[in-house]
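The values are calculated or read from the model by the stated rules, or taken from the named source; none is laboratory data. Bear in mind the structure is a predicted one, so any value in this text is a computation, not a measurement. We place every Cβ from the backbone using ideal geometry, glycine too, and count neighbours over all the protein chains shown. The accessibility values were calculated without ligands, DNA or RNA, using every heavy atom of the protein model including side chains. Shrake-Rupley method; radii C 1.70, N 1.55, O 1.52, S 1.80 Å.
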Number of protein chains: 2
Amino acid sequence: MKIAISGKGGVGKTLLAALLSKIFAESGYSVLAIDADPDANLAATLGFPHPEKITPISEMRSLIEERTGTRPGQAASYFKLNPKVDDLPEKYAQKNDGIRLMVMGKIKRGGTGCYCPENSLLQALVTHSLLARDEVVILDMEAGIEHLGRATAKAVDKLIVVVEPGRRSVETAHKVSKLAQDIGLQNIAIVANKLRSQQDREFLISSLPGFKFLGFIPYDQAIVDADLANLSILDSSRQVVDEVRNIYQALLSTAKAPSKINQ
Amino acid sequence: MKIAISGKGGVGKTLLAALLSKIFAESGYSVLAIDADPDANLAATLGFPHPEKITPISEMRSLIEERTGTRPGQAASYFKLNPKVDDLPEKYAQKNDGIRLMVMGKIKRGGTGCYCPENSLLQALVTHSLLARDEVVILDMEAGIEHLGRATAKAVDKLIVVVEPGRRSVETAHKVSKLAQDIGLQNIAIVANKLRSQQDREFLISSLPGFKFLGFIPYDQAIVDADLANLSILDSSRQVVDEVRNIYQALLSTAKAPSKINQ
């Protein structure tokens, strides 16, 4: 089961990714969560201790050089486009509460244009995670699907686009949908988040005609309050967790789940 | 006067960039607004007609090839690192209500690693806009400062990091501040947005010790409602506009403004 989550910044992608990871893990599945959004902090949201100490893969300079043959930042004419990565999830994933987490980090763009070796390694790592692993992979992405391509599109069981009541998040959903079509990815669905009223729900449904809605998560001030008080937001709102459980059930009913760990 | 705006996705960077652009323009300054956040839509927020028809610079394939000597997507060993760009703001900026707008677009990362020519052109364009233009430049960025470097850091009169009451946006502010220090950029200040209470204000001040706060913008449901009703959000909240006027005054008092158009 491979789930990719996209949507405009601030709509709640990371909260959904964290809650789904937790629910899948508690249900007995092996879960690999991938933080591919440098603007997010999936480790902190998942309650990993000392998330600030996790080194993103893109900053592991000697690993990148070892695998691609090119030092990060070096303007090389050639480097390996398909570096070996299949051992990386085991070696470099952090583990907590039954969830393994890989933090991809940011592609740094410097004055010389761009640094390709990091890019090449991250791309290969996402491709491997989606194509070759028999587990639940949850990919928390930016406001696009740049980690996906034609080769990986078929492996994604569901591309979830999170929206909130607001035009910009709807525009991003349309943009992501267009990009998904371009690479042949059809399993796309919307999760509406931060709903304050029936009107919010109707606004989103009417703004996204033809889209399948996988769930409607209510706004809950308890999540904001828990965050400000530095408490776990994953347990702070019963109604939010209940709705994400419904989304989990909907995912299970539409896609083939991998074997559970203890079966 | 060169103002760069960063912060976590969803905190309100684009609203601040749009309101500041409008206030500077109404005050008689020549304003160049740069949308460097593909997850934003500065054109729509500024009320440009048909923002969906604006082609981002990164998608102008023949322009990129003409200026860099390399076709986008081509795996070239060599391309121009300093393409000619000084004529581009005049040729490719959109104009509306006295504001010129350039939409940079997204660096596309494909299966082959990365596309360098677009990157090179965008980088040169930002550098030119910050270093060589005697006008008000307002740069709406992503949750980082990747468009800036050592060469441009000194030209930025103020790097504004927008935060909201929430830990992730505070973390992003700390991260952006660290990146700014790395390139020698010291003129950094915080704008707090979406404040609902005195506690929200105190949370942000205590979470960002040592930071200078340039303004405190209240949460106003009128902005959300105007957005959902497809009305201009720039005029929807008097209290928000008033506070951004204060921020404008604070910017004028701390940095050298260019000549006004009609002086």
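Per-structure values
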quantity: Filter result for residue A:173 (surrounded by 22 or more Cβ atoms within 10 Å (Cβ to Cβ), farther than 19 Å from residue B:44 by Cα and among the small types (Gly, Ala, Ser)); calculated: no
quantity: Leading residue by the ranking (most open to solvent (accessible area, probe 1.4 Å)) among those in the range B:186-200 that are within 14 Å of another protein chain (Cβ to nearest Cβ) and out of contact with any Lys or Arg (no Cβ under 7 Å at 6 or more places or on another chain); calculated: B:199
quantity: Answer residue from the range A:131-144, given it is more than 8 Å from chain B (Cβ to nearest Cβ) and over 18 Å from residue A:251 (Cβ atoms) and is most open to solvent (accessible area, probe 1.4 Å) among those; calculated: A:131
quantity: Members of the range A:216-263 that are of a type in the set (A, V, I, L, M, F, W, C), within 14 Å of another protein chain (Cβ to nearest Cβ) and touching a helix residue (DSSP H, G or I) at 6+ places or on another chain (Cβ under 7 Å); calculated: A:223, A:228, A:233, A:234
quantity: Selected residue [in contact with a Phe, Trp or Tyr (Cβ under 7 Å, 6 or more places away or on another chain) and either in contact (Cβ under 8 Å) with a residue 12 or more places away in the chain or in a helix (DSSP H, G or I) (or both)] from B:175, B:194; calculated: B:194
quantity: Of the criteria (1) free of Cβ contacts under 8 Å to residues at least 12 places away in the same chain; (2) outside any loop (DSSP other than H, G, I, E, B); (3) under 21 Å from the mean Cα position of the chain (by Cα), which one residue A:235 fails; calculated: (2)
quantity: Residue in the range B:38-63 that is surrounded by the most Cβ atoms within 10 Å (Cβ to Cβ), counting only those that are at pLDDT 85 or above and aliphatic (A, V, I, L, M); calculated: B:42
quantity: Residues within the range B:1-39 that are within 14 Å of chain A (Cβ to nearest Cβ), of a type in the set (Asp, Glu) and outside any loop (DSSP other than H, G, I, E, B), tallied; calculated: 1
quantity: Residue in the range A:201-214 that is more than 14 Å from chain B (Cβ to nearest Cβ), open to solvent by 30 Å² or more (accessible area, probe 1.4 Å), assigned to a strand (DSSP E or B) and on the phi < 0 side of the Ramachandran plot present; calculated: yes
quantity: Number of the condition not met by residue B:227 [criteria: (1) modelled with pLDDT under 95; (2) open to solvent by less than 30 Å² (accessible area, probe 1.4 Å); (3) under 16 Å from residue B:36 (Cβ atoms)]; calculated: (3)
quantity: Single condition residue A:165 does not satisfy, out of (1) closer than 24 Å to residue A:46 by Cα; (2) within 11 Å of chain B (Cβ to nearest Cβ); (3) open to solvent by less than 40 Å² (accessible area, probe 1.4 Å); (4) modelled with pLDDT of 90 or more; calculated: (1)
